[in-house]
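Read-outs: derived from the displayed coordinates by stated rules, not from any lab. Source: prediction; values computed, not measured. Note: ideal-geometry Cβ built from the backbone for every residue, glycine included; neighbour counts use all protein chains shown.
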Amino acid sequence: MDAMMIMHPDDAKAIEVLRSIKGFDKVARVAMDYGYERLYRGENLGEMVQVNSENFPQVYYPFLEVVKAVGIDEPEIFIYNDPIMNAFTYGDNNPFIAISSSMVEKMSRDELKCVIAHECGHIICHHTLYLTMLAILENLGFALQIVSEALLLPLLAGLRYWRRCGELSADRCAAAVVGEKVFQMQMLKLTCGLAEVHGSPYQLVEQAREYETMQNASWWNRIQQEMRIMFYTHPQMCHRALEIDRWKKSWQYRQLIAEPQKEVAL
């Protein structure tokens with residue numbers, strides 16, 4: 001899968017700017033390799049359960065299908081104990097994916113593939129590489145008082161906006177692998193926290209349209225809502241659902257969904 005096929009336009013622009021900085025990629029990769037990647041791998045091996053063909057095959061084989069569909073090298077995958085449904089990825093040289101126990105318990109096989117494909121979307125877009133370096137710069141600015149907080153806050157707001165766009169890129173990867181309807185059902189489960197969801201899979205899309213109507217009803221409503229989410233790391237759930245509902249009409253989605261899925265030998 002070509003990363004440019006799934007990347008949100010603002011996500012692609014921001015990464016292009018960072019790539020244009022000479023030596024940025026090399027410095028970021030060295031910082032990750034000798035810093036957080038090794039730190040996290042120790043934590044993963046010490047506190048989580050690694051998934052493979054013998055341990056949690058019901059997770060491992062759907063994971064392999066996603067990895068082959070996206071076209072990346074197989075990252076390590078772990079399950080950790082948490083009643084909250086969540087998953088995350090980290091690393092660029094040696095990436096891994098971690099999934100909460102609640103996610104494994106409550107998601108169907110296809111919905112679990114959707115979750116894993118979202119994390120693989122972050123990997124092919126190299127989101128953790130660029131976010132790590134910028135986070136280091138941000139933390140140095142606060143800790144060493146290199147830049148005042150007043151100057152850093154607008155930068156932080158801009159970085160959070162980029163991060164939210166990165167989540168939309170990863171959502172596109174998920175929808176391209178499993179189909180937009182499975183994506184919408186998975187989003188409903190993530191939003192309400194229930195293992196069984198009945199009714200329309202497009203409930204969040206309908207709520208998103210109602211939200212946009214409310215937000216655009218007045219300039220005050222718009223300012224309130226923009227201020228409320230300014231420092232969010234992730235887009236609102238209804239926004240994510242609406243973005244995929246719109247993207248499914250694109251030529252990129254139609255081309256990706258038409259590509260044959262590679263089978264995994266058991």
Relative contact order %, region 3-256, counting alpha carbon pairs below 8 Å whose residues are six or more apart: 20
Formal net charge of residues neighbouring MET48 (Cβ-Cβ distance under 12 Å; K, R +1; D, E -1): -3
Residue-count net charge about LEU112 - beta-carbon cut-off 14 Å; Lys, Arg +1, Asp, Glu -1: -1
Chain lengthening between GLN225 and GLU54 when straightened (0.36 nm per residue, less Cα-Cα): 56.8 nm
Note, ³J(HN,Hα) from phi for region 3-10, Karplus 6.51, -1.76, 1.60, rounded to Hz, x at Gly and Pro: 4, 5, 6, 10, 6, 4, x, 6
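How do HIS234, HIS127, HIS239, HIS198 line up, fewest other C-beta atoms within 10 Å first?
Ranking HIS234, HIS127, HIS239, HIS198 by Cβ neighbours within 10 Å, fewest first, gives HIS198, HIS234, HIS239, HIS127.
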Interchain or long-range residues, amide H under 5 Å from ILE97's placed H: GLU76, ILE77, PHE78
Environment charge at PRO235 (Cβ cut-off 10 Å; Lys +1, Arg +1, Asp -1, Glu -1): 0
Sequence of VAL17, VAL70 once ranked by neighbouring C-beta atoms within 10 Å, starting from the fewest: VAL17, VAL70
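With a 10 Å Cβ neighbour count serving as the proxy for reagent exposure, in which order, fewest first, do THR128, THR233 appear?
In increasing order of surrounding Cβ atoms, one gets THR233, THR128.
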Vicinal HN-Hα couplings computed from phi for region 228-237 (Karplus, 6.51 cos²θ - 1.76 cosθ + 1.60; Hz; Gly/Pro x): 5, 9, 3, 10, 5, 8, 10, x, 4, 4
Pairwise Lys count, the chain - Cα closer than 15 Å, eight or more residues apart or different chains: 9
Quotient of Cα Rg and 2.2 N^0.38 Å for region 3-256, N being how many residues it contains: 1.04
